[in-house]
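I'd like to ask you about the structure that follows.
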Amino acid sequence: MLYDKDIREPLFEFLETTYGKIRILEEKQMGRTPGENPKLNWKKKLSLLWRPELAHIQELNQMPGYKEKSKQFVAEKILLKVPKETLRLQISEELFERDYTRIAEIIQEYRRQRTKPGKKRRRR
């Protein structure tokens with residue numbers, strides 16, 4: 001089986017002799033793989049998740065519930081405690097398993113579990 005590293009140099013030599021200075025452009029474009037994206041913003045990625053999904057990630061990683069805290073606060077705590085590779089897989093799994101037809105029901109159930117008995121929420 002041939003790998004990129006095995007054919008890269010011979011390919012560049014062929015292109016350079018045939019087409020000239022194209023090698024410089026090719027190396028710049030091929031130098032970085034999609035997995036090496038330095039612009040990845042983990043806070044934005046976590047903001048895509050619904051609050052119940054964040055709570056599930058907390059549960060998977062044996063983290064405290066932070067039930068009275070904001071979604072942003074919870075996301076920051078997750079970023080501090082969960083290794084990035086683990087978090088990447090968990091976020092992907094949550095998004096893959098998301099059921100858009102049940103979102104209202106899921107969020108209402110999460111809110112019901114979150115509120116303390118005897119404490120009434122204000123209606124807007």
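In whole Å, what are the extents of the range 40-114 along the principal axes defined by its C-alpha atoms, from largest to smallest?
Here the Cα extents, ordered largest to smallest, are 30, 26, 20 Å.
Still on this model: Which ordering of Phe12, Phe96, Phe73 is given by a fewest-first count of other beta-carbon atoms within 10 Å?
Phe96, Phe73, Phe12
Related question: Where in the range 77-111 does the amide nitrogen come within less than 18 Å of the point 7 Å from the Cα of Trp42, taken along Cα to Cβ?
Counting backbone N atoms under 18 Å from the label point, the list is 77-95.
Output ³J(HN,Hα) for the range 95-105: one whole-Hz value per residue in order, computed from phi by the Karplus curve 6.51 cos²θ - 1.76 cosθ + 1.60 with θ = phi - 60°, and x for Gly and Pro.
5, 5, 8, 4, 10, 5, 6, 10, 4, 4, 5
Additional query: Using the number of other C-beta atoms within 10 angstrom as an exposure proxy, rank Tyr66, Tyr100 with the fewest first.
Tyr100, Tyr66
With 10 angstrom as the radius, rank Arg51, Arg102, Arg8 by how many other C-beta atoms surround their C-beta, starting from the fewest.
With the sparsest Cβ surroundings first, the list reads Arg102, Arg8, Arg51.
Values quoted throughout were computed directly from the atomic coordinates according to the rules given, and no laboratory measurement underlies them. Nothing here was measured: the structure is a model prediction, and the numbers come from that model. Cβ coordinates were reconstructed from backbone atoms using ideal geometry, including for glycine residues, and neighbour counts include every protein chain displayed.
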